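Report on the following structure.
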Amino acid sequence: MTPVKDAKPDVVPTKEVDIPSSKELLGLASPIQMQADTISVLLEDYFQHPGQIEYFSFDEGSYKATLIKDSTVLFIKSIKEKPGLVNLSIRLGGKDFDILVKPSKREAVKLVYVPEKGESPKSVGIAGDLNSWNPASTPMRLEDGDWVVDLKLDPGDYPYKFVVDGEWVMDAQNGEKISNGQGGFNSLLSIDKPPLYSLPFLYLPKQENENEIAIHWVMQATNYIAYWNNQRLDITPIKGEGISVQIPERAKKVERSYIRVFGENDLGLSNDMKIPLSFGKILSDTKEMRRMDTEAMSMYFPLVDRFHNGNPNNDEPLEDERLEPIQNFMGGDIAGITEKIRSGYFKELGINTLWLSPITQNPLEAYREYPEPRRWYSGYHGYWPIKSNKVDHRFGTDEELHELVRVAHENDMNVLLDFICNHVHQNHQMYQNHPEWATKMILEDGTTNIRIWDEQRLTTWFDDFLPSLNLSKPPVIEMQADSAFYWLKEFGLDGYRHDATKHIPLAFWRHLTKKIKKEVILEEGRPVYQVGETYGSHELIASYISSGMVDAQFDFNLHFTARDAFAKDDASFKLITDALRATFDHYGYHSSMANITGNHDQTRFMGLASGAVDYAEDQKEAGFLRDIQVKDEAAYGKLASMTAFLMSIPGVPVIYYGDEIGMVGASDPDNRRMMRFDGWNEKERELKASVEALSNFRRNSLPLIFGDTYMLKDKPDFMAWSRTYNGETVICVFNKSGTAKGKTFQLPDFLDEQKYASVFGHTTIEKTGNYRTITFNNKERQYDFFVVAGQD
């Protein structure tokens, strides 16, 4: 092992060096999050040539580190009981780079299962968000008749159950419980976080000096670290107000760069800030935004076969009496999406990014699903590839895909492709030639390894005709990465939605991302956005997001919480504000996480919110057993509120096709009905108008794109927060009390002197001292945004 170089205890002053080489560390370096007392950092996640590091040091005596594995891994160990925010300085190729190290927040927790009288279980485990619902990963030990496990967990809420001799049971010793979203409950372990208003809050006031940035606080921080891109900046205190940093002169040479600021006090971390610069000046107009600025993306997900039929000549449904129409091809295609781009449909919706469902060649015959009742399906959805580099002729041609991308780019829109790396269809040539490249469908104990999502996360098959690939094998990694890369290079796509991200080893994502950085971002000079699909705990989702892997994932935990809080009359908004805080804690306050109205795997929001589908029933079977239609028109207003919520928070809002008009449906495949472009009823037209207004307002609001989020109120039936950027503020309010009765909240001093005006006209606002009272005047729209009167 190579010993660590002598670390200097004092803060290293900013050096006057050349712009850090964009060819070595691409993009913004993701912070290193300590999970416990030690962590091994793979330097290839950050650098193109990780083995050439010349020097590294920390700026205070909080950590020691050692280079191992041919200097490609940095092993970091804490030497201080409670280290705070620390900078890691690295010199490579004569250039200096700085990376933030965030302290671990984990606390020791003991969970105990107490057997009932006369009960003598042979094995007890635990499954929950604390271990990605995998009981095998957290065995419990027997102590004095009880079963015990010691854990280290971050502050937060953890649903869980004990697994006693294979049976999943609630914790009888813990009265706290939470809905599992399927009509049942889980036990709930809560580890207290510091009170929100005890932590520092940083925001960007109106700037007066174009050469420096002033940052103000509400609760003062005791320590700050600031960066321009990946270089640390000196900080100057502003007495009684905040801090300032100088904008480096070299920032004027760069079209898009960022100032990032992090703070903390003795109780914890502040919000992190991300301030965009355009040629060295604070970005001050949405006209300066580029379509690949991920913070400004508004995404739409059309399932290709179910969206619009633009070329009837390629229609080829399977002639198979075992298939119901909903299980067969319906004629949607690539040409249909291009037609809708040209018509201005997406522009009217405020959309600038399309996520296309998979379009690779799927089988020409139906296959029978493994689980009961073993129905037959076609590959209309695109997720059963038999060829990885060919457009399915039922969706279109290479020429039509080229045209779609060209027309999208001409209309200032991005195109992402849903690509499947985890598995192939059994007829795929790869599997035919190399069956040994697949994982085992039958485990050593005889268990059929199909849909064992958590315990066999990296090996499970999705069906008996869909072999999962062993993506720990180098030849398999190389082949699948090349297949994914083909579509990016050949068609000029702007990124991927990666299917089944959590079922693929991290090594694959590192390999693919390194290839993208080298051959597209570096050589072609164009950005690529990768968003993953992972159902699981915050920790599992975050483990795939870094400078060397995917950029973001779908925030399913926030989605399910928000969906239920808006859909259910008796669900509390406090669930949302708690979930938002968990999102910020794990992914940052300015992440590019994707926030969905719904998707092709879940029951439509309108089905649940209108009562047409019951949470406790088999939601997939419901779509086969009866005609699901909207039962309560109040659900249209609830979906409008859900959409407003997604437009009000950081991240990438994603509209599932048809949600803009409130299409209804049970779970897959009933949630995949053909899109309707005419025959809308009044409620559908009103909802679409609301979605258009919300999305276009966000597209033109820098506070909603880059603003810092300050929670104003979090009550069970009312919530409010502000987003502030460069002196501009948007206040977002949501009500579910069912009455127009005024809701009151207090504004902090930095917002109090302003006069606010409603954006959408759903409310009135009155000022009493430093309090504001909101009255909801539109029973069907229980949300509103406010801006400073006269603010553009």
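Things to note:
- Of all residue pairs spaced 6 or more apart or on separate chains, those with beta-carbon atoms under 6 Å, a first member in region 514-532 that is at pLDDT 95 or above and a second member that is open to solvent by less than 10 Å² (accessible area, probe 1.4 Å) and assigned to a helix (DSSP H, G or I) are 515/481; 528/516; 528/520; 532/501.
- The criterion of being without any contact (Cβ under 8 Å) to a residue 12 or more places away in the chain and farther than 27 Å from residue 301 by Cα holds for residue 442.
- Residue in region 585-604 that is of a type in the set (A, V, I, L, M, F, W, C) and more than 22 Å from residue 530 (Cα to Cα) present: no
- One residue stands out among those in region 450-480 that are of a type in the set (A, V, I, L, M) and in contact (Cβ under 8 Å) with a residue 60 or more places away in the chain: the one that is nearest to residue 537 (Cα to Cα), which is 450.
- Test: residue in region 198-211 that is more than 26 Å from the chain's Cα centre (by Cα) and in a helix (DSSP H, G or I): yes
- Entry remark, region 175-193: residues being assigned to a loop (DSSP other than H, G, I, E, B) and closer than 26 Å to residue 556 by Cβ number 8 in total.
- In a residue-by-residue description of region 357-365, the property of being acidic (Asp, Glu) and under 26 Å from the mean Cα position of the chain (by Cα) applies to no position.
- Leading residue by the ranking (least open to solvent (accessible area, probe 1.4 Å)) among those in region 62-71 that are under 16 Å from residue 52 (Cα atoms) and not in a strand (DSSP E or B): 71
- Of all residues in region 740-772, those satisfying the criterion of being of a type outside the set (A, V, I, L, M) and over 33 Å from the mean Cα position of the chain (by Cα) are 741, 742, 753, 754, 755, 764, 766, 767, 768, 769, 770, 771.
- Members of region 395-419 that are open to solvent by less than 10 Å² (accessible area, probe 1.4 Å) and not aromatic (Phe, Trp, Tyr): 396, 401, 404, 405, 407, 408, 413, 414, 415, 416, 417, 418
- Single unsatisfied condition, residue 750 versus (1) within 30 Å of residue 241 (Cα to Cα); (2) in contact with a helix residue (DSSP H, G or I) (Cβ under 6 Å, 6 or more places away or on another chain); (3) in a helix (DSSP H, G or I): (2)
- Of the residues making up region 146-154, not a single one is touching a Phe, Trp or Tyr at 6+ places or on another chain (Cβ under 9 Å), farther than 12 Å from residue 111 by Cα and touching a residue at least 40 places away in the same chain (Cβ under 8 Å).
- Residues that are among the small types (Gly, Ala, Ser) and under 21 Å from residue 535 (Cβ atoms) within region 462-483 comprise just one, 468.
- Region 206-257: number of residues that are touching a His at 6+ places or on another chain (Cβ under 6 Å) and over 22 Å from residue 710 (Cβ atoms): 0
- Among the residues of region 212-240, those that are in a loop (DSSP other than H, G, I, E, B) and of a type in the set (Val, Ile, Thr) comprise 218, 222, 235.
- Subset of region 494-515 (residues that are surrounded by fewer than 22 Cβ atoms within 10 Å (Cβ to Cβ) and either among the aromatic types (Phe, Trp, Tyr) or over 20 Å from the mean Cα position of the chain (by Cα) (or both)): 507, 511, 514, 515
- Condition check for residue 558 on (1) without any contact (Cβ under 8 Å) to a residue 40 or more places away in the chain; (2) open to solvent by 10 Å² or more (accessible area, probe 1.4 Å): one failure, at (2).
- Positions within region 561-577 being part of a helix (DSSP H, G or I) and crowded, with 18+ Cβ neighbours inside 10 Å, in sequence order: 561, 562, 563, 564, 565, 566, 567, 575, 576, 577
- Within region 92-109, the set of residues being modelled with pLDDT under 95 and of a type in the set (Lys, Arg) comprises 95, 105, 106.
- Residue within region 369-383 that is among the charged types (D, E, K, R), open to solvent by 10 Å² or more (accessible area, probe 1.4 Å) and farther than 18 Å from residue 462 by Cβ present: no
- Scan of region 524-539 for residues that are of a type outside the set (Asp, Glu) and either in a loop (DSSP other than H, G, I, E, B) or open to solvent by 20 Å² or more (accessible area, probe 1.4 Å) (or both), ordered by number: 525, 526, 527, 528, 534, 535, 536, 537, 538
- Taken over region 131-157, the criterion of being open to solvent by 30 Å² or more (accessible area, probe 1.4 Å) and among the aliphatic types (A, V, I, L, M) is satisfied by 136, 142.
- Positions within region 760-776 being surrounded by 19 or more Cβ atoms within 10 Å (Cβ to Cβ) and among the hydrophobic types (A, V, I, L, M, F, W, C), in sequence order: 774, 776
- Screening residue 781 with (1) in a strand (DSSP E or B); (2) open to solvent by less than 40 Å² (accessible area, probe 1.4 Å) gives one miss only, at (1).
- Just so you know, in region 174-200 the residues that are within 19 Å of residue 85 (Cα to Cα) and in contact with a Gly (Cβ under 9 Å, 6 or more places away or on another chain) include one that is most open to solvent (accessible area, probe 1.4 Å), and it is 193.
- Looking only at region 72-123, and only at residues there that are touching a Lys or Arg at 6+ places or on another chain (Cβ under 9 Å) and farther than 25 Å from residue 43 by Cα, the one that is surrounded by the fewest Cβ atoms within 10 Å (Cβ to Cβ): 108
- Here region 356-370 is the region considered, the condition is being assigned to a loop (DSSP other than H, G, I, E, B) and touching a Lys or Arg at 6+ places or on another chain (Cβ under 7 Å), and the residue that is nearest to residue 705 (Cα to Cα) is 361.
- Restricting attention to region 10-46 and to residues that are of a type in the set (Gly, Ala, Ser) and at pLDDT 85 or above, the residue that is nearest to residue 231 (Cα to Cα) turns out to be 29.
- Residue 737 passes every criterion in (1) modelled with pLDDT of 90 or more; (2) open to solvent by less than 50 Å² (accessible area, probe 1.4 Å) apart from (1).
- Wholly within region 247-355, strands (runs of 3 or more DSSP E) carrying at least 1 residues that are open to solvent by 30 Å² or more (accessible area, probe 1.4 Å): 273-278
- Residues being in a loop (DSSP other than H, G, I, E, B) and within 29 Å of residue 579 (Cβ to Cβ) - total across region 495-523: 4
The values are calculated or read from the model by the stated rules, or taken from the named source; none is laboratory data. Just so it is clear, the model here is predicted, and its values are computed rather than measured. Quick reminder, even Gly has a Cβ in these numbers, built from the backbone with ideal geometry, and neighbours come from all protein chains shown. Accessible surface areas use protein heavy atoms only, side chains included; no ligands, DNA or RNA. Shrake-Rupley method; radii C 1.70, N 1.55, O 1.52, S 1.80 Å.
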